[in-house]
1. For a quick check of understanding: with a 1.4 angstrom probe and all protein chains in place, what accessible area in square angstrom does B:Asp238 have, to the nearest ten?
2. Within 10 Å of each Cβ in peptide B:103-114, how many partner chain Cβ atoms are there on average? Round it to a whole number, please.
3. What nm value, rounded to one decimal, do you get for the distance between B:Thr285 and B:Phe149 when each label is placed 7 Å out toward the C-beta?
4. Return the subset of A:Lys68/B:Lys144; A:Lys277/A:Lys362; A:Lys277/A:Lys309; A:Lys120/B:Lys175 for which the Cα-Cα distance in this structure is over 27 Å, preserving the input order.
5. Rounded to whole Hz and in sequence order, give me ³J(HN,Hα) for segment A:62-78 from the Karplus expression 6.51 cos²θ - 1.76 cosθ + 1.60, θ = phi - 60°, writing x for Gly and Pro.
6. What order do B:Lys344, A:Lys369, A:Lys343 take when sorted by accessible area (1.4 Å probe), most exposed first?
7. On the accessible surface of segment B:28-182, probed at 1.4 Å, how many percent belong to carbon and sulfur atoms?
8. With the solvent-accessible surface defined on protein heavy atoms using a 1.4 Å probe, which residues belonging to segment A:35-83 display a reduction of at least 20 Å² in accessible area in the multichain context relative to the isolated chain?
There are 2 protein chains.
Amino acid sequence: MENAERVSGKLEWRVNVPDGTSNVLVSESDQLVNKAWLWLKGLLCGLVLKIWRFLYNAWNLGVAEPKKVIHGVKVGLSLLLVSFLYYMRPLYEGVGGNAMWAVMTVVVVFESTVGATLCKCINRATGTFLAGSLALGVQWIANKSGETFEPIIIGISVFLLASATTFSRFIPSVKTRFDYGAVIFILTFSLVTVSGYRVDRLFELAYQRLSTVAIGTSLCILITMVFCPIWAGSGLHDLIVCNLEKLADSLDGECFKDDKTKLGNEEGPSKRMQGYKCVLNSKATEEVMANFARWEPGHGRFNFRHPWKQYLKIGASMHNCAYCIEALNSCINSEIQSPDYLKKHLSDVCMLLSTNSSEVLKELVIIMKTLTKSSKIELLIGEMNFAVQKLQDSLNSVPNSFIGPTVSTLQAPNEAKREIIPKTTIPSLMDVFPMASLVYLLIQIAARIEGIADAVDQLAGLAEFKLAMDENSKQKKSTNKSTSDNQDHETMKTSPKV
Amino acid sequence: MENAERVSGKLEWRVNVPDGTSNVLVSESDQLVNKAWLWLKGLLCGLVLKIWRFLYNAWNLGVAEPKKVIHGVKVGLSLLLVSFLYYMRPLYEGVGGNAMWAVMTVVVVFESTVGATLCKCINRATGTFLAGSLALGVQWIANKSGETFEPIIIGISVFLLASATTFSRFIPSVKTRFDYGAVIFILTFSLVTVSGYRVDRLFELAYQRLSTVAIGTSLCILITMVFCPIWAGSGLHDLIVCNLEKLADSLDGECFKDDKTKLGNEEGPSKRMQGYKCVLNSKATEEVMANFARWEPGHGRFNFRHPWKQYLKIGASMHNCAYCIEALNSCINSEIQSPDYLKKHLSDVCMLLSTNSSEVLKELVIIMKTLTKSSKIELLIGEMNFAVQKLQDSLNSVPNSFIGPTVSTLQAPNEAKREIIPKTTIPSLMDVFPMASLVYLLIQIAARIEGIADAVDQLAGLAEFKLAMDENSKQKKSTNKSTSDNQDHETMKTSPKV
């Protein structure tokens, strides 16, 4: 074996060293044991490594989002409190052996956001109450109709109600709001009717269940709202703001990269540019959060009837914008490159539009963050539209600057001569079209950013944002008064719309 | 009042007739009663109408997707069967009063797809078993440590385990697979430890819970797999096929509409074109279904280890394609219209590319539907790339055909003369760029469709699709052999790639 190792060369010998040094001159059975030991060690190491990696990931997640750790602690605390019910004799006598329903309620109902917890609590309480009273009615009828019919009536009612309620969970209006309530309805109805057949103290059962559920839900609501509450509404607001920032960064990075392509690729901006991809995938989260936010009372800067639905509209217009940025991104990374003279001619004005678009988005971020109407936003949109106009103008001026010299050989419009002209010198659409579509997509993006601005404006109207009276706007007002000729310029800026 | 009605004219009089005829010559108190009655009637009518509409929607949903009705019936059936446990004395004696755990298991675990049900069943069984044994261990230690320390040890263990497990539910790897198991773990652990303090027959409780959960889960698995099983895997497969069809229709409709814009808008094609919007929003559903499909045994044409993850890749490449179609759609509906000569020049070749792209997608649909490799797909992709090449060629030839006549006045390339030329006659980029970006996006879409084809090809490799030996391919083979000159043409077709 040693010979074989020597023959097989330096590389293999090195690999075999850890085995080789310990296994020299030992019998085969010992080798087998050693191999098994190594295999076991490898397995254990792999397992330890896997667990270590899991814990490492968990630690990172906890550090990145301490809210999630807080939620865990809150659930632990609620369970601890609810188990005291069991230890304290007077309460235990009151609710009987059914204290476990309180434990179960806490485990099942406690969600990470206040809205979700409230939604589940209200669903659970309503579902339990409705199903409990309905089950008592069915039980009463079944009792009256004699011993032979009793199980039949109960069986049929359980079958029909369970089928119908389960089907109703697929209906969108039920699914978004009362899904959990429907499950609890079926559960309570089956339990009460079926148990009622055996347990003769039916009213007591129903009463105990209701009271324990009440204890569990009120404890959940108390703890979720008092200790570091995590609001679905605030979460939705932050998500939308964060997505707006990402879109703004993408466009900022876009222009940045457009500039840098000549110098070479850089890692930094391309990472910032990828932000729009998060926006593409956030629709489901937004819908869930908006759905839960509706259940929440007023908190922080948001009233009870804050127009959460409008956030979905803002989200939708942001997705629209992100689709376009995606196409733009693929356009920039395309293999087909436009000629340099076109790039030179258009890159400045493209960058201007890109930067202006990004600035509009950044102003929208400020509006959303401060919940105040901005006096600057119309000006910025005007500037963006002015940049669009400028871009269109420079598109118009392109042929003059580069068709001229190349077509100089073309003197007569004869059919025969046209064939002779060398194709390469004429600026064909083939050369132009990646740049043209880049420009078109930039203009599209500007139009869609106006859509976002409109949606934010609607939100400002619905939620009655106040006008920000910061120093900048005051300064602007005074300058506006002093120099009236500026106004003409501004109105000109706002007029061209795509 | 009557006078007033007469004065107010014919229209108003008509409106007031139903009130007017009954209210003539009655006292004010009667009017109040009448008003209240009308209000109540309105309220009741509104309520009835609302319920009616709800039932109507439910009926439509049931007719459109009978699977959902079947699922409802299956849940009803399972609950009926599990409640028989309660009625049958021997079984009842066996599992004791804890038969309600079986009922609860059925209600909570029964999901609409086999995969989801299996996932929940396995999670529930594992979670119950692990938490039960751990709780017994903790209970034993707590018992040994004396009466004063018992509640403290139990309290701390409940708090720590509940907090840690709740936090672990946020870790992605746990969240996607073991979320429900974690909930059940906390629930069982708290129930067993807390109840153990009171109920002295702890082992019995644990045994009963395990056996009832076993009864419930096995019943669920049996019914969900025997009666009209609804497989998450098949659902995912159908969803992907349906989305592919929608993309194909969108591109088909695209070219169709492109043709019809001159004749006038039609409702039909625009509706078909909107199909891609479903593709944009199907990501979350795909992920959920792929996650559940992994738990399912082999069914129908799918093995146990069918590469469901690859479906997510196909889905991702379809979303990519849909983003581009979205941009294309906005490009077609744009206000800025390209000049007619450009449209005429390019519309035919654009339509060709659009149709070819659609045909590639349709062939992919056939591959996915029949689960066989297609001999035609490479040919079709080649044709699509040939159309791309053709489109690029006709872009190259554009300037020749339209620059000629308009630039005929331009005889010398002097700076002064260039200014005189009327701008409108020169084909500026401004005129060209919507068409150019349409072309660019079409070419992008073709490239992305190749991405979809690659993903489907990978799936075919992973799932070992067999080669389809249908009559068409046989015919093609025979013609290929007889006419060898065709091959040159085909290889030429497949060569140009974007």
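The values are calculated or read from the model by the stated rules, or taken from the named source; none is laboratory data. Note that this is a predicted model, so its numbers are computed, not measured. Every residue, glycine among them, receives a Cβ derived from its backbone with ideal geometry; neighbour counts consider all protein chains shown. Ligands, DNA and RNA are stripped out before the accessible areas are found, and what is left, the full protein with its side chains, is counted by its heavy atoms. Shrake-Rupley method; radii C 1.70, N 1.55, O 1.52, S 1.80 Å.
1. For B:Asp238, the solvent-accessible surface is approximately 90 Å².
2. Mean partner-chain Cβ count within 10 Å for B:103-114: 3.
3. 5.8
4. A:Lys68/B:Lys144
5. Once rounded to whole Hz, the list reads x, 5, 5, 10, x, 4, 6, 5, 4, 4, x, 5, 4, 5, x, 5, 4.
6. B:Lys344, A:Lys369, A:Lys343
7. 73
8. When all protein chains are present, A:Phe54, A:Ala58, A:Leu61, A:Lys68, A:His71, A:Gly72, A:Val73, A:Val75, A:Gly76, A:Leu79, A:Leu80, A:Ser83 each give up 20 Å² or more of accessible surface.
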